[in-house]
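Input: a single structure, listed below in structure tokens.
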Amino acid sequence: MGCDWRTRAAARIGAARGPVRGHRPPGPDDVVADRRWAADLRAAVLCAVALFALIDLVDYAAGTLSAARAVLWAALSVLLYVVLHPVRVTAGPGWIAVRGPLRRRHVCTNLLTSVHVSETVATRLVLRDSLGHRVEFDPRVLADNPLLLHRLDGGARAAVRSGLLRTGACELGQLVARVERGRARAVFEVSGM
């Protein structure tokens with residue numbers, strides 16, 4: 001099934017080692033991760049440090065910088081970092097995991113029962129499995145990482161075949177089609193067609 005403890009432990013070890021290097025495509029048992037996560041993390045750290053430096057600089061220039069105010073500005077910068085910290089999405093055979101700054105959640109993709117695209121302030125993809133687990137992340141992660149999309153789509157197809165996925169199969173199909181159209185359009189634009 002891909003959701004037992006040995007598979008998840010091996011996936012954690014593989015994710016800690018980093019993405020698969022080289023020209024070989026990932027195999028069916030390899031863990032794939034969000035390729036833009038490290039850049040997004042650096043941007044979050046840079047924004048928090050820049051806020052702290054700028055506020056301290058303005059406070060120092062005004063002559064009002066004190067230890068208590070510096071601690072307050074540091075706390076504000078840490079809060080900004082926590083808000084901007086990107087979730088890390090990884091996927092392996094039969095599962096997809098989302099790790100935030102405080103916790104990690106996962107679902108078994110071949111046991112999905114519900115897929116929902118939430119169109120509120122920020123578009124979110126919400127996945128639920130039959131074990132009661134739930135993950136939520138930005139669907140642009142799937143658009144930027146075709147291997148993650150492939151893992152999710154393969155697991156969702158297995159859930160549809162087994163009769164578990166009853167809510168959201170159409171939404172997921174539309175999302176996959178939209179991402180594939182966007183990639184095809186990008187290929188045509190690059191090739192000049």
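The values are calculated or read from the model by the stated rules, or taken from the named source; none is laboratory data. Keep in mind it's a predicted model, so treat the numbers as computed, not measured. We place every Cβ from the backbone using ideal geometry, glycine too, and count neighbours over all the protein chains shown. Protein only, heavy atoms only, side chains kept; ligands, DNA and RNA dropped before computing areas. Shrake-Rupley method; radii C 1.70, N 1.55, O 1.52, S 1.80 Å.
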Worksheet entry | Every residue from the stretch 92-115 that is more than 10 Å from the chain's Cα centre (by Cα), surrounded by 20 or more Cβ atoms within 10 Å (Cβ to Cβ) and among the aliphatic types (A, V, I, L, M) | 107, 111, 112, 115
Item to complete: Select from the stretch 117-140 the residues that are under 16 Å from the mean Cα position of the chain (by Cα) and at pLDDT below 90 and list them in ascending order.
Response: 117, 118, 122, 123, 124, 125, 138, 139, 140
Worksheet item: Do the conditions hold for residue 75, that is, is it modelled with pLDDT of 95 or more, open to solvent by less than 50 Å² (accessible area, probe 1.4 Å) and out of contact with any Ser or Thr (no Cβ under 9 Å at 6 or more places or on another chain)?
Response: no
Worksheet item: Pick from 162, 191, 130: which is among the polar types (S, T, N, Q), exposed (fewer than 12 other Cβ atoms within 10 Å of the Cβ) and farther than 25 Å from residue 43 by Cβ?
Response: 191
Fill in: Options 35, 42: the member that is in a loop (DSSP other than H, G, I, E, B) and either basic (Lys, Arg) or touching a strand residue (DSSP E or B) at 6+ places or on another chain (Cβ under 9 Å) (or both)
35
